[in-house]
Amino acid sequence: MQLSILNKLGDKIVLDSDFISKIIQSLNMPHDSRILDIGTGWGKMAILLALHGYNVITGEPNKWAEWENNAKIAGVFEKINYQRIDAQKLDFSDGNFDYVFLLGSLHHIPDKDRVFNEILRVLTQEGKIILFDYTKKRIEQISKNSPYHPPAVHPRSILNSLSVSYQYIIDDKNEIFCFLIEKN
């Protein structure tokens, strides 16, 4: 998979794409996997998944047009299905997805416990949650330009209260982390 196309999309997409792509590759997901990306934003997660050959349903409460332009430039627009999604009340049937991804979205969602319960509900028994979010260090950098940006959130205490197991991975710069989460 060529990530060189990402250079046309700018820093918001390129930043962390190597780390995220390595995680995607390590999952060895079948290409017919049912994948949900919660929190489209600029489209980074959905675009990276699509560049790896996956079809993705993505969304958030309010539509951002930026992801569409980015997906078209990357040549993967047709692999991404955008829907309005409220992460606290997912409008999908139980066990609908094999993988649920979140990239930089958890710290924007008010009721994190409810989000995890909803994700676990729509996830198959063998499914996985792949949660990427930013460390306090990265959030402090973001807050310099966006002073009202929500603070960093570390979901370990929430995960410890659920019937899940997880693996924690952090990048070399200590700016983005990933939790690979499975149901017990």
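How big is the antiparallel share of DSSP beta bridges in the chain, given as a percent to the nearest 5?
45
With a/c under 1.5 counting as rounded, go ahead and sort region 120-170 into rounded, prolate or oblate using the C-alpha gyration tensor (a ≥ b ≥ c being the square roots of the eigenvalues; past the cut-off, prolate if a/b is larger than b/c, else oblate).
prolate
Would you mind telling me the share, in percent, of accessible area of the chain contributed by carbon and sulfur at probe 1.4 angstrom?
47
For the cross-link pairs Lys12/Lys44; Lys79/Lys183; Lys63/Lys144; Lys63/Lys137; Lys8/Lys44, which exceed 19 Å when the distance is taken from alpha carbon to alpha carbon?
Too far apart for the 19 Å limit: Lys79/Lys183; Lys63/Lys144; Lys63/Lys137.
In region 121-184, which chymotrypsin sites (Phe, Trp or Tyr not before Pro) fall in coil by DSSP and have 10 or fewer other Cβ atoms within 10 Å?
Tyr148
So who's got an amide H within less than 5 Å of the one on Lys128, skipping anything under 5 residues away but keeping other chains? H placed 1.01 Å off N, in plane.
Amide H to amide H, under 5 Å and 5 or more residues apart or across chains, Lys128 pairs with Tyr99, Val100.
Indicate the gyration tensor shape class of region 1-88 (rounded, prolate or oblate), computed on the Cα atoms with a ≥ b ≥ c the square roots of the eigenvalues: a/c under 1.5 is rounded; otherwise a/b larger than b/c is prolate and the rest oblate.
Judged from the Cα gyration tensor, region 1-88 comes out oblate (a/c at least 1.5, b/c at or above a/b).
Counting only C-alpha contacts under 8 Å and six or more residues apart, can you give the relative contact order of the chain as a whole percent?
Relative contact order here is 18 percent.
Taking every eigenvalue of the Cα gyration tensor of region 83-184, multiplying by 5 and rooting it, what semi-axes result, largest first, whole Å?
24, 16, 11
So, taking all protein chains as they sit and a 1.4 Å probe, how much accessible area belongs to Ser161, in Å² rounded to tens?
That residue has around 80 Å² of solvent-accessible surface.
Any idea what the relative contact order of region 1-93 is, in percent, if you count C-alpha pairs under 8 Å spaced at least 6 apart?
28
Check cross-link reach from Lys89 to the lysines: straight Cα distance under 16 Å, and skip same-chain residues fewer than eight apart.
Lys89 reaches Lys112.
How much accessible area per residue does the chain have, counting only protein heavy atoms and a probe of 1.4 Å, in square angstrom?
That works out to 50 Å² per residue.
Given 0.36 nm per residue, what is the gain on full extension from Gln141 to Ser26 after removing their alpha carbon distance, in nm?
Full extension of this stretch gives 38.5 nm more.
If contacts are Cα pairs under 8 angstrom and at least 6 residues apart, what is the relative contact order of region 82-184 in percent?
Relative contact order, region 82-184: 29 percent.
The values are calculated or read from the model by the stated rules, or taken from the named source; none is laboratory data. Quick caveat: nothing in here was measured; it's all calculated off a predicted structure. Because the Cβ atoms are built from the backbone with ideal geometry, glycine has one as well, and the counts that use them run over all protein chains shown. The protein model used for the area step is the full one, side chains on, heavy atoms only, and it has no ligands, DNA or RNA in it. Shrake-Rupley method; radii C 1.70, N 1.55, O 1.52, S 1.80 Å.
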